[in-house]
Each structure stands twice: as structure tokens, then as C-alpha cells.
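Below is one structure, written out as C-alpha cells; comments come after it.
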Amino acid sequence: MALLRRHKYILISLALYWPFLFIIAHIPMPNMVQTTGMSDKTMHVLAYGILVFLAWLALNPYQRVNWTKALPWLILAGMVWYCAFDEWLQGKIGRSSDVGDFAADLAGAAGALLILTILDFWPASMVVCGITVFSLTNFSLIASKPNLAWLNMINNFCGYAAFTLIWIQYAYRLRPGCTAASIRWFVRMAVPGLLLLAFVRGYGMGIKNQTLQPLENYAALLSILAAVTVSWIVLRWKPNDLYAPQRADRAGRRSTPSAKN
């Protein structure tokens, strides 16, 4: 049976992300990573949370986690063994093995499954993307490192663009009859990204006492505007695509016999 588009994209993402994570976890720590100032435990929670998020969706892309079934428990058990092997292997290549890192890996895995227990694919993707943007912005020192300004710009541009594009896809499932034909549409599609930006910056300046970084804000605003504009152009060019997401979702659910897994 042919894979649907969402499933293909998830499998491609997992096929790229997992080897990248394995390689970066088993080479000497790059200076750039050390200078970001982010806690090693936070990195582990994010990295393995994203890994399990993609792994679940690769196996079951159209259903929430159901803890009465075997699959989520098998994934957790597999992660226990994988994370233990990962920490053991790090000790063999000159990096430290740490029980705290192992616990952070499992916390990220459990957190990803918890999100997928509560939320469907699109809102869960928004939450994971938002958490990643928030953490990279507020729990690292990238913004205060002039030599990492390029990385900070990439983080802000890609993060907010991804969040906005996910929201646009989700919005068409909430209101399948909406059209990209008015200023109201632009506002509706841009507001969640702007709210995320305000929350991230508000926390950073109010709680973490960070200084205002205009270039970060410009990159985030530009990415939100670019995501909405490109989506508007595509949807105006191919109006029939407005209803393609609903058809794909329905086809995916019908083709999944284990609807409660």
C-alpha cells in the first residue's frame, strides 16, 4: 500500500534526524555546542523527545498514544535500552557516561508520548515546535555570543517559520472552508506565531533578564511574514489544495486498522 504524504515526510525526517543525533552524540563535543551555554540535560530532553515524537508518528501517524495498547510501552522499553547503550558507548569514545543524561533522555521520551496522548498530530507538532523554540532561546546563551549571531538568526527564522506553517496546516483542518483571500486571513494565520514570539521574549526579558535583541525579533517577524505569504501564494495558485489535507487525513485513518494503538 502506498504511503500517504504525511507519513512519507515523517519517515524522511526520522531517517535524517536519528543518524544526525547518533553522530553528534558520539563525537567529541564541538566547541560551538559548549559555548551555547545550554544545559546538557536540557539538550538531552529536547533531542530524545523529538526522536520519540518522530518514532511514534513513523509507526502510527494518524492516531494518539493509547496506553492500554502495547506500542507506547514497547517504544519506552526500546528507549530504555537505546539510551543505556548510548551512554555506555559515550564512555568508550572519551565522553562521560552520566546517569543524569540517561534520566533526561527518558524524560524527553516520556514527555513526547504524553503530548501525543493528549493532542493530535498538528497541535502536538505546534507544542513540540514551540517548546523547542522557547528552550533554544531562553535556556542558552546563543543571543549573547557575537560569534554565534548567525546561528541565533537561523534558529529564530526556521523556528517561527516552522511553527507558523504547522499552524496554517492545522487551521485548514479546523475550518476547511476558509480561503486565503483577505487581510483577515493573513492576521489569523500570523497571530499564533506572534503570540509565541511575545511569550518567548516576555519570559526572556521578564524572568531571565535578557536584553532586547532587535535582530532576533526581525528574523522571527520576517519568518512569520514569509511563511504566511508563501502559503497565501500557494493556496491562491492551487485552490483545490485547500481540501487536500482533509482528504489525506481521512484516507490515513481509514487505512490504519489499529485505530486505537
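The values are calculated or read from the model by the stated rules, or taken from the named source; none is laboratory data. What you see is a predicted model; the values in this text were computed from it and never measured. Virtual Cβ from ideal backbone geometry, glycine too; neighbours counted across all protein chains shown.
Applying the set (1) part of a helix (DSSP H, G or I); (2) modelled with pLDDT under 95 to SER140 leaves exactly one unmet item: (1). Quick check on segment 188-210. Is at least one of its residues at pLDDT below 70 and under 20 Å from TRP237 (Cα atoms)? No - not one qualifying residue is present in segment 188-210.
Are any residues in segment 58-77 aromatic (Phe, Trp, Tyr) and either touching a helix residue (DSSP H, G or I) at 6+ places or on another chain (Cβ under 6 Å) or crowded, with 18+ Cβ neighbours inside 10 Å (or both), and if so, which ones? Within segment 58-77, TYR62 is the sole residue that qualifies. In the same structural domain as ILE224 (by TED's automatic domain parsing) and either without any contact (Cβ under 8 Å) to a residue 24 or more places away in the chain or farther than 24 Å from TYR172 by Cα (or both) - does that describe any residue in segment 77-87? Taking every residue of segment 77-87 in turn, none turns out to be in the same structural domain as ILE224 (by TED's automatic domain parsing) and either without any contact (Cβ under 8 Å) to a residue 24 or more places away in the chain or farther than 24 Å from TYR172 by Cα (or both). Of everything in segment 151-168 that is at pLDDT below 90 and surrounded by fewer than 18 Cβ atoms within 10 Å (Cβ to Cβ), the residue that is nearest to the chain's Cα centre (by Cα) is ILE154. Here is the figure for segment 21-58: residues that are at pLDDT 75 or above and either not assigned by TED's automatic domain parsing to the domain that holds TYR9 or not polar (S, T, N, Q) (or both) total 23. When you look at MET43, is it more than 22 Å from TYR9 (Cβ to Cβ), surrounded by fewer than 20 Cβ atoms within 10 Å (Cβ to Cβ) and not small (Gly, Ala, Ser), yes or no? Answer is no for this residue.
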